[in-house]
Amino acid sequence: MNNLKVWPHLTIIALLVAVLAGVGVAWWMKREPAASAKEMPNAARIQRVDGDVALSNAQDTAAENASSEQWIAATANQPFSVGDRIYTRENSRASLAFTGRNFARLNPNTSLDVLALDPRRTQLALRDGSAVFDVGYLDRGDLFEVATPYGAVDFEQPGLYNVGIDNGQVLVSVLSGLAQVVGLGGSGQISKGEMLTLIGQTAADVVLSQLDGRDAGYLVDDYYGYQYPQYYDGRYRDYNVYLNDPYYFDPYRRNASYQYVNSYVPGLYDLDYYGDWQNVSGYGYAWSPRVDSGWAPYQAGYWMTDYPYGPTWVSAEPWGYAPYHYGRWAFVNNRWYWVPDTMNTVPSYSPALVSFIPFDNNQIGWVALGPGDTYVPRYYNTGWQPYYLTNDDLYQRVVNLDVPGAVMIVPVDEFARGFDWRRARRADRNLLAGVNPVLDPLLYTPLRNAVLNSAWGRGKKDIPPGIAKKLDDTFVVTSIEPNAPNFRPDLRRSMRVETVSDRGKGQKFKVRDERGNGNAARSNGRPAESVERQAQAPVQTERANRGQEKKQAAQADRPVRQQAPVQQQQRQQPANRGQEKKAARTDRPVRQPAAPVQQQQRQQQPRGERVSQPRATQPTAQPRTAQPQAQPGGGQQKAAQPKAPDKPKGGQPQGQGAAKGKGKKP
């Protein structure tokens, strides 16, 4: 009898436990996607493309042939993130922005992969070619690392670095700053003005040499002329001028935009050149582009399917990165303003801050989110199922929906394949009556089917099988294992990453020191003849390349700005510099316009692996300035002459790292 009395109570307790367990599991499953979304990495920006450049955005890096099947044409303003790979073909270059202060320029025949990208860690992989890395800011404890087949190059201070792979060697040149190389055979530091050569994967032969000043000046001048064509004046051809003031052209010091936006956001220095900041009532300082009347945001560009973010906006406007992936847009007094997040807000990348509007007849529209509108951060798994960061409502009426001309409409099929925005139409008030905007575009079934069946929709490219195999099979060495995000769990194996052991980190390289022999160019394990041949190619193309980058400046009608500061610095050099330095003190003539852009792209660009062979001194080009004209309503930029931006008002910008010593280049 006692057992019969106890049995019902045990049954009830067991049922309660089961119910509570089920509720707990359901709650955990509901919250798990949000926890995963918090681990999302940031995205970086392709800010300039010259020639044939490809981007691999493999959806599943665990697949054997993922990186060779999903190459697409790279364009300016394309985002890229962890697991992506960029490759420049012959006679091609690309400029990248990881933040608003850290950049890279890829030389021809170069491959760069992204292993980690977050506010405290940037890990890249260089498998072939060479690149210049411009590190403008590092906080205490930050890691900025370039993995190579023979060792990891850690940039320990802000500075300018050149890393290249050439004939079985890895060459690391420190133009300014301080670098640490960690390889399987040991580690060692490289100071300003030095080059370290690693020969072989075990780095058994390590050579430390001194950079030739004229050659280093050429490389610095080539980088700054490419990175800042609007206002660079050629002063860094003299390497000593660069060393005396390496941050003269630092956009953080020159551009007012860094006063109003966190400097972690890429693409800020474009804003001063193409628009203006104003104090807008109710919003604070906001930026407005110089465009024609009738213009609206998110209407000049195209959509790409970017794993794991989904449909991502790529703007055709030269300034169109930061305002389309951060902040909100407000329509005030018949003018559009970009309202950035507050300075103390940690920037969070978004593929497009818009609301999507399904229409009848298989059409889709979109409109920019305004201040106060909710955005639900998300990413997708390999089956394109969404993971949401917040639990906000995905169906909302947004403030800009009623702004005339703010909603762009295209057929669903054109959205997926890549539409011609000049032929797209805008929705009128009657068409917008009764619509139901949605924040996640893949919740609209016709659009989801079109996107997933679009074969990545735009600019698919074929990489030669030999190059693809080489990039896939080449291992790289890191000092710290990259953190694999949830959407790329097999990152280390798929990206061919090997991490140096703690024992290897503790060993020191056995370095052959050749800094004092006065012949660094011929002391790095490579025959002198090949060094000379490599040095000749950049010299032969320097005039055409540099002249084309300054073509607009040479054609302007305004008076030439005097270069008194440059001349004064040059007069301070020691008298024993010789006739070459005396000639540099004279007034430079304005450089004549160079060959057309098509001819420039056919020429071989400098690879920049070595910077030790002397080069002939070239006259300094003097810039001309002019205000860029307004863009037409469709968003295309009219031909405009460069304008040298004024320094920010109120002294130093108040962005990230404004008061930290490591935020300056040494």
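Read the figures in this text as sums done on the coordinates, not as results from a lab. Just so you know, these numbers come straight off a predicted model, no measurement behind them. Backbone-built Cβ (ideal geometry, glycine too); neighbour counts: all protein chains shown.
Search the structure for amide H atoms under 5 Å from the amide H of LEU211, placed 1.01 Å from N in the peptide plane, and list their residues when 5 or more places away or on another chain.
GLU194, MET195
First measure r as the distance between the Cβ atoms of GLN278 and ASN483, then evaluate 1/(1 + (r/R0)^6) with R0 = 35 Å and state the FRET efficiency to the nearest 0.05.
0.30
Give me the percent relative contact order of the stretch 267-338, please, defined on Cα pairs under 8 angstrom at least 6 residues apart.
27 percent
Can you give the extra length, in nm with one decimal, that the chain gains between TRP384 and ARG397 once fully stretched, where that is 0.36 nm per residue apart less the Cα-Cα distance?
That pair, TRP384 and ARG397, stretches by 2.2 nm at full extension.
Could you give the nm distance between label points at ASP413 and ASP292, where each point is 7 Å from its Cα heading toward the beta carbon?
If labels sit at ASP413 and ASP292, their model points lie 3.1 nm apart.
Given charges of +1 on the Cβ of Lys and Arg and -1 on the Cβ of Asp and Glu, with all other atoms neutral, how large is the dipole of the stretch 148-214 about its Cα centre, in debye to the nearest 20?
It comes to approximately 80 debye.
Taking a spot 7 Å from the Cα of THR345 along the direction of its beta carbon, which residues of the stretch 371-407 have an amide N less than 19 Å from it?
371-379, 389-394, 396-401
Can you list residues whose amide H is under 5 Å from GLY327's amide H, if they're 5+ apart or on another chain and H is modeled 1.01 Å from N?
ASP341
By its C-alpha gyration tensor, with a ≥ b ≥ c as the square roots of the eigenvalues, how is the stretch 278-349 shaped: rounded for a/c under 1.5, else prolate for a/b larger than b/c, else oblate?
On the way: a/c = 2.62, a/b = 1.28, b/c = 2.06.
Oblate shape, in that a/c is at least 1.5 and b/c is the bigger or equal ratio.
Would you mind getting me the FRET efficiency between GLN507 and ASN449? Use the beta-carbon distance for r and R0 = 56 Å, nearest 0.05.
0.50
Is the stretch 351-397 best put as rounded, prolate or oblate by its Cα gyration tensor, with a ≥ b ≥ c the root eigenvalues, rounded for a/c under 1.5, and otherwise prolate when a/b is larger than b/c, oblate when not?
Verdict is oblate for the stretch 351-397.
Between ASP428 and ALA73, what is the spin-label point distance in nm, taking each point 7 Å from the Cα along the Cα→C-beta axis?
My value for the distance between the label points is 3.6 nm.
With θ set to phi - 60° and the Karplus curve 6.51 cos²θ - 1.76 cosθ + 1.60, what are the ³J(HN,Hα) couplings of the stretch 136-147 in order, to the nearest whole Hz, using x for Gly and Pro?
x, 8, 9, 8, 4, x, 6, 10, 10, 10, 10, 7
Please report the net charge: other residues with Cβ closer than 13 Å to the Cβ of LEU268, K and R +1, D and E -1. Intermediate results must be reported in sequence, preceding the final value.
Values: positive: ARG45, ARG101, ARG253, ARG254; negative: ASP250, ASP270, ASP272, ASP341.
In short, 0.
Treating only the Cβ atoms of Lys and Arg (+1) and Asp and Glu (-1) as charged, compute the dipole magnitude of the stretch 103-165 about its Cα centre; round to the nearest 20 debye.
Values: 5 positive and 9 negative charges, 16 e Å.
Taking the Cα centre of the stretch 103-165 as origin, the dipole is about 80 debye.
Treating only the Cβ of Lys, Arg, Asp and Glu as charged (+1, +1, -1, -1), what charge dipole size does the stretch 79-209 show about its Cα centre? Round to the nearest 20 debye.
About 240 debye.
Report the FRET efficiency, 1/(1 + (r/R0)^6), for ASP462 and ASP490, where r is their Cβ-Cβ distance and R0 is 22 Å, rounded to 0.05.
Computed FRET efficiency for ASP462 and ASP490 comes out at 0.30.
Can you tally the net charge around ALA97? Count Lys and Arg as +1, Asp and Glu as -1, for every other residue whose Cβ sits under 11 Å from the Cβ of ALA97. Display every interim value, and only then the final one.
Numbers: positive: ARG45, ARG48, ARG101, ARG105; negative: ASP134, ASP270.
Here the count lands on +2.
For the stretch 358-367, in order, what is each residue's ³J(HN,Hα) by Karplus, 6.51 cos²θ - 1.76 cosθ + 1.60 with θ = phi - 60°, in whole Hz (x at glycine and Pro)?
Calculated HN-Hα couplings, in order: x, 10, 5, 6, 6, 10, 9, x, 8, 8 Hz.
Take the cross-link list LYS192/LYS510; LYS470/LYS508; LYS192/LYS508 and give me the ones stretching past 25 Å between alpha-carbons.
Values: LYS192/LYS510 20 Å; LYS470/LYS508 30 Å; LYS192/LYS508 19 Å.
The pairs that break the limit, which is 25 Å between Cα atoms, are LYS470/LYS508.
Which ³J(HN,Hα) values, rounded to whole Hz and listed in residue order, are derived for the stretch 274-286 from phi using the Karplus coefficients 6.51, -1.76 and 1.60 in 6.51 cos²θ - 1.76 cosθ + 1.60 with θ = phi - 60°, glycine and proline given as x?
Those phi angles translate into 10, x, 9, 9, 9, 8, 9, 4, x, 10, x, 6, 9 Hz.
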